[in-house]
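Enquirer: Shown below is the structure under consideration.
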Amino acid sequence: THFGFRDVPLGDKQKLVGEVFSSVAGNYDLMNDLMSLGIHRVWKRYFVATAQARPGDRVLDLAGGTGDIAALLKERVAPRTARSDREVGSVVLGDINGEMLRVGRDRMTDRGRVRGFQYVQCNAETLPFPDASFDLVTIAFGLRNVTDKDAALREMRRVLKVGGQARVLEFSEVKVDWFKPVYDFHSFNVLPRLGKLFAGDADSYQYLAESIRKHPPQDELRAMMDDAGFARARYRNLSGGIVAIHDGWKD
Ligand code: SAM
């Protein structure tokens, strides 16, 4: 294997994550469907449908990848039923990886979604936006790949307007006992095999399974949001804790 996944020094993590996502970009959407049996679509729909967003809002989706969340957000901030320009909001899709952004933009263009999107290559740890720029900031299946998560959470809060919401959708800790062995088998056996079979790349999917295990569980992430200065930080488990949605507000 060309990646030494275990015991990677922290400084190299950024580069490694870059290689992983450049390597999976072209197959990313297919793999999401295969790995989750399509359920990721339901999680993402729920995540966006219950976010604090209104027509006319300006929103940022971090680690936005191929644009699933951005496309759904656009329907909420710029609905087809908008009656004036004031009800037509915009979505900024930020991602550190140029290849993921390119796939995302091509996909949006193919689906006829062009206006109202902006693509910005950026690291979630150091955002290139002024304070108080957005009504809502989201990050879905992205935070666990960020090296300095505390910095990313602080940045999310900084670029929010007062009253704005930050939302994190991420794999979390499974809370249903009987499901744990099934989930482990899926993560460490099925997943790398699917990666090898369909993407010719077992290593990247092995990395993904491991990054899920290392990510802070529900209460720990909520405490990190408190520390980053968010008000009323809370979470909700979906599918028994396979994923969780964390929210925080800027007061
Ligand atoms: N949000 C999309 C979705 O739900 O389908 C993509 C999720 S994908 C698993 C993770 C994304 O995080 C990749 O596109 C990767 O390039 C991006 N990423 C990793 N580290 C990042 C960082 N430090 N800042 C911004 N994006 C990052």
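Enquirer: Output the residues belonging to the range 132-178 that are out of contact with any Leu (no Cβ under 6 Å at 6 or more places or on another chain), of a type in the set (Phe, Trp, Tyr) and more than 20 Å from SER211 (Cβ to Cβ).
Expert: Matches in the range 132-178: TRP178 only.
Enquirer: Suppose we filter the range 200-217 for residues that are within 21 Å of the chain's Cα centre (by Cα), part of a helix (DSSP H, G or I) and not charged (D, E, K, R); how many remain? Break it down stepwise before answering.
Expert: The first filter runs over the range 200-217 and keeps only residues within 21 Å of the chain's Cα centre (by Cα), leaving 203-217.
Narrowing further to those that are part of a helix (DSSP H, G or I): 203-214.
With not charged (D, E, K, R) added as a condition, the list becomes 204-209, 211-212.
Selection size over the range 200-217: 8.
Enquirer: Residues in the range 69-81 that are among the β-branched types (Val, Ile, Thr), more than 9 Å from the ligand (Cβ to nearest atom) and under 22 Å from the mean Cα position of the chain (by Cα): how many?
Expert: The first filter runs over the range 69-81 and keeps only residues among the β-branched types (Val, Ile, Thr), leaving 69, 77, 81.
Okay, now just the ones that are also more than 9 Å from the ligand (Cβ to nearest atom), so 77, 81.
Now restrict to residues that are under 22 Å from the mean Cα position of the chain (by Cα): 77.
Residues flagged as among the β-branched types (Val, Ile, Thr), more than 9 Å from the ligand (Cβ to nearest atom) and under 22 Å from the mean Cα position of the chain (by Cα) within the range 69-81 amount to 1.
Enquirer: Looking at VAL8, VAL42, VAL48, VAL59 in this structure, which one is more than 21 Å from MET156 (Cβ to Cβ), at pLDDT 95 or above and not charged (D, E, K, R)? So that I can check it myself, show each step before the final result.
Expert: Details: VAL8 fails: at pLDDT 95 or above; VAL48 fails: more than 21 Å from MET156 (Cβ to Cβ); VAL59 fails: more than 21 Å from MET156 (Cβ to Cβ).
That would be VAL42, the only listed residue that is more than 21 Å from MET156 (Cβ to Cβ), at pLDDT 95 or above and not charged (D, E, K, R).
Enquirer: Next up: Just the residues that are part of a loop (DSSP other than H, G, I, E, B) and hydrophobic (A, V, I, L, M, F, W, C), please, taken from the range 92-127. Working first, answer last.
Expert: Our first condition is that a residue be part of a loop (DSSP other than H, G, I, E, B); within the range 92-127, this holds for 96-97, 111-116, 122-127.
Within the range 92-127, ILE96, VAL114, CYS122, ALA124, LEU127 meet the criteria.
Enquirer: Oh, and also: Among the residues of the range 80-87, is any surrounded by 15 or more Cβ atoms within 10 Å (Cβ to Cβ) and either in contact with a Phe, Trp or Tyr (Cβ under 8 Å, 6 or more places away or on another chain) or more than 22 Å from LEU160 (Cβ to Cβ) (or both)?
Expert: As a first pass, look at the range 80-87 and keep what is surrounded by 15 or more Cβ atoms within 10 Å (Cβ to Cβ): 87.
Pick out the ones that are also either in contact with a Phe, Trp or Tyr (Cβ under 8 Å, 6 or more places away or on another chain) or more than 22 Å from LEU160 (Cβ to Cβ) (or both) and you get none.
Taking every residue of the range 80-87 in turn, none turns out to be surrounded by 15 or more Cβ atoms within 10 Å (Cβ to Cβ) and either in contact with a Phe, Trp or Tyr (Cβ under 8 Å, 6 or more places away or on another chain) or more than 22 Å from LEU160 (Cβ to Cβ) (or both).
Enquirer: So, in the range 82-100, exactly how many residues are without any contact (Cβ under 8 Å) to a residue 12 or more places away in the chain and either within 16 Å of the ligand (Cβ to nearest atom) or among the polar types (S, T, N, Q) (or both)?
Expert: 1
Enquirer: For the range 108-125, name all the residues that are within 15 Å of the ligand (Cβ to nearest atom) and either at positive phi or of a type in the set (Val, Ile, Thr) (or both).
Expert: VAL120
Enquirer: Regarding GLN121, is this residue touching a strand residue (DSSP E or B) at 6+ places or on another chain (Cβ under 8 Å) and farther than 15 Å from GLY248 by Cβ? Give the steps one after another, and end with the answer.
Expert: Values: touching a strand residue (DSSP E or B) at 6+ places or on another chain (Cβ under 8 Å): yes; farther than 15 Å from GLY248 by Cβ: yes.
Taking the combined requirement at face value, the residue satisfies it.
The values are calculated or read from the model by the stated rules, or taken from the named source; none is laboratory data. Model, not experiment: these values are computed from the prediction. Neighbour counts are summed over all protein chains in view; Cβ atoms, including those assigned to glycine, are modelled from backbone coordinates with ideal geometry.
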